[in-house]
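Here the structure is laid out as structure tokens; the discussion comes afterwards.
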Amino acid sequence: MTKYGSFPGARPRRLRTTPAMRRMVAEHRLHPADLILPAFVREGVAEPVPISAMPGVFQHTRDTLRKAAVEAVEAGVAGIMLFGVPEDDKKDALGTAGTDPDGILQCAIRDVRAEVGDDLVIMSDLCLDEYTDHGHCGVLDADGRVDNDATLERYAEMAQVQADAGVHVVGPSGMMDGQIGVVRDALDQTGHEDVSILAYTAKYTSAFYGPFREAVGSSLTGDRKTYQQDPANLRESLRELALDLEEGADMVMVKPALPYLDVLAKVADSVEVPVAAYQISGEYAMVEAAAEKGWIDRDKAILEMLTGIKRAGANMILTYWATEVARGL
């Protein structure tokens, strides 16, 4: 007993008594406008190609990509992040298909822009890995190492052709030193001052990228540990953050999301720009596989994961469930 009556006097459960009560006191709410849909478009296919490790996700044709963009708009999704998958015979050491104005990604940007205009924020992956025959995110030197500064020259070209195609936001994802500054200069010098940059600020080398390699038809041998960030490091990501902001990033991202919620929270507490998190292919595949086995409730697990990412500080979440979840919300 206490002087306030029967023990306990404080009963937080009072605020959990009914669905209406829980809804009223919820501290974080998902909204369709929080969500961005990553989408793959493959050159030279007549039908969408299923991605075996990501049930329900496809390499789109140009026509089905346009349809997916319309569906995203109708569901209230905020944006779409486009990844191009060229034909194998168009890959080379420099990734020239990535800077071809008629390359698959540039065509996809124009297609989606023509279909939905400004009703959807059109974003593009600015990286070479889909287009190189070696699968790395940059140009290789004579010793087979990724040449940072030679790669930046290629990124500048990519930024220009993607902006010319009509993209609203470019997403430099290669983790090259100085990439944000070079891309910002390239955009500004070609009359694209209004194109925003979503910086992949903390992109960790991760085992959870596995299904994505299938999704983009990656030719990679080896790994990307010399340029993607070490999963053991947090202070390093804050250094990357400071550099990206100094170079002109409009928005910043943490990728993957779930294994790096501590990094996401730290980044969100440190900046005044919008913060994104990418719920990547492996995170998606784990839930779908466990749900297929009957081990978890799929829909509840999806919402719980997305809510956790938002609670950690994400203003925007890239997720392959974007349209489905937005419809439910």
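The values are calculated or read from the model by the stated rules, or taken from the named source; none is laboratory data. The structure presented is a predicted model; accordingly, all values stated were derived computationally and were not measured. For neighbour counting, all protein chains shown are included, and Cβ atoms are generated from backbone atoms with ideal geometry for every residue, glycine included. Side chains included, ligands, DNA and RNA excluded: accessible areas come from the protein's heavy atoms. Shrake-Rupley method; radii C 1.70, N 1.55, O 1.52, S 1.80 Å.
How high is the relative contact order of the range 222-329, in percent, with contacts defined as C-alpha pairs under 8 Å that are six or more residues apart?
Values: 104 pairs, mean separation 28.1, N = 108.
For the range 222-329, the relative contact order is 26 percent.
Across the chain, C-alpha contacts under 8 Å between residues 6 or more apart give a mean separation that, scaled by the residue count, equals a relative contact order of 19 percent. Each semi-axis of the equivalent ellipsoid for the chain is √(5λ) with λ an eigenvalue of the Cα gyration tensor; in descending order they amount to 36, 23, 19 Å.
Which length gain, in nm to one decimal place, applies between ASP133 and ARG16 when the Cα-Cα distance is subtracted from 0.36 nm times their residue separation? Walk me through the numbers before you get to the answer.
Numbers: separation 117, 0.36 × 117 = 42.12 nm, distance 5.55 nm.
Extra length from ASP133 to ARG16 when fully extended: 36.6 nm.
For the chain, DSSP calls about 10 percent of its internal beta bridges antiparallel.
If I stretch the segment between ALA142 and HIS28 completely, what's the gain in nm (0.36 nm per residue apart, minus their alpha carbon distance), one decimal? Could the numbers behind the result be given before it?
Values: separation 114, 0.36 × 114 = 41.04 nm, distance 5.10 nm.
Going from the current span to full extension adds 35.9 nm.
All alpha carbon pair distances within the range 65-141 were sorted into 10 Å bins beginning at 0; the resulting P(r) in whole percents reads 20, 43, 25, 11, 1.
Computed over protein heavy atoms with a 1.4 Å probe, the carbon and sulfur contribution to the accessible area of the chain reaches 50%. Extending 7 Å from Cα along the Cβ direction at ALA242 and again at THR64 yields two label points whose distance is 4.7 nm.
Okay, helix-only estimate at 222 nm for the chain: each DSSP H run of n ≥ 4 adds -39500 (n - 2.57), divide by all residues, round to 500 deg cm²/dmol; what do you get? Present the calculation step by step, with values, prior to reporting the outcome.
Numbers: 11 runs with 125 residues, N = 329.
Helix contribution divided over all residues of the chain: -11500 deg cm²/dmol.
Sorting the segments 12-19, 299-306, 131-138 by their mean number of nearby beta carbons within 10 angstrom, highest to lowest, gives 131-138, 299-306, 12-19.
Determine the alpha carbon to alpha carbon distance for each of LYS203/LYS310; LYS225/LYS310; LYS203/LYS266; LYS255/LYS310 and list only those over 22 Å.
Working: LYS203/LYS310 18 Å; LYS225/LYS310 28 Å; LYS203/LYS266 14 Å; LYS255/LYS310 14 Å.
Checking Cα-Cα distances, LYS225/LYS310 exceed 22 Å.
The peptide list 24-32, 242-250, put in order of mean Cβ contacts within 10 Å with the highest first, becomes 242-250, 24-32. Packing, taken as the mean count of other beta carbons within 10 Å per residue, orders the peptides 35-42, 261-268 from highest to lowest as 35-42, 261-268. The relative contact order of the range 23-70, computed from alpha carbon pairs under 8 Å that lie at least 6 residues apart in sequence, is 32 percent. Quick one: Cα centre-to-centre distance for the range 78-119 and the range 241-310, in angstrom? Taking the Cα centre of each part, the range 78-119 and the range 241-310 sit 25 Å apart.
Using the alpha carbon gyration tensor of the range 18-148, what are the three equivalent-ellipsoid semi-axes (square root of 5 times each eigenvalue), largest first, in whole Å? Before the final figure, lay out each step's value.
Numbers: eigenvalues 226, 70, 39 Å².
Working through the eigenvalues yields semi-axes of 34, 19, 14 Å.
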